[in-house]
């Protein structure tokens, strides 16, 4: 039994989010929540929220009512690039520098060990 949670348009760059997701991929859910909760990176709040949503999705399915959260692990976790917002910053001698504000889409799939 497995369940999926997707969080789109997160205001963090995909590169920064992948650093966190690489840490928790394949871990048990309890250990991953602990790692994300005590991480100092700001993207960890969005990753923790998405992981909790995936666990809740699994527990809310009809035939998975008997599953314990301690028996779950992260089967898949990946980050895709979202849309990039372009802004312009003033530069010397009348020029302009482009600022790219990147966003990402996070997908987490959890499954039971049984």
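Quick note: the coordinates plus some simple rules give every number you see, no bench work behind them. Small disclaimer: the values here were computed from a predicted structure and weren't measured. Because the Cβ atoms are built from the backbone with ideal geometry, glycine has one as well, and the counts that use them run over all protein chains shown.
If you go through segment 73-91, how many residues are part of a strand (DSSP E or B) and either within 12 Å of the chain's Cα centre (by Cα) or in contact (Cβ under 8 Å) with a residue 12 or more places away in the chain (or both)?
12
Quick one: which helices (runs of 4 or more DSSP H) lie wholly within segment 1-72 and hold at least 3 residues that are over 24 Å from residue 114 (Cα atoms)?
14-24, 44-60
Take the residues in segment 92-106 that are touching a helix residue (DSSP H, G or I) at 6+ places or on another chain (Cβ under 9 Å) and part of a strand (DSSP E or B); name whichever of them is surrounded by the fewest Cβ atoms within 10 Å (Cβ to Cβ).
Across segment 92-106, the extreme among qualifying residues is 105.
Can you tell me how many residues in segment 21-43 are farther than 20 Å from residue 83 by Cα, surrounded by 19 or more Cβ atoms within 10 Å (Cβ to Cβ) and in contact (Cβ under 8 Å) with a residue 24 or more places away in the chain?
Step one: list which residues in segment 21-43 are farther than 20 Å from residue 83 by Cα, which gives 22-41.
Within this subset, residues satisfying the condition of being surrounded by 19 or more Cβ atoms within 10 Å (Cβ to Cβ) are 24, 29, 32, 36.
Those still in the list that are in contact (Cβ under 8 Å) with a residue 24 or more places away in the chain too: 24, 29, 32.
Counting residues in segment 21-43 that are farther than 20 Å from residue 83 by Cα, surrounded by 19 or more Cβ atoms within 10 Å (Cβ to Cβ) and in contact (Cβ under 8 Å) with a residue 24 or more places away in the chain gives 3.
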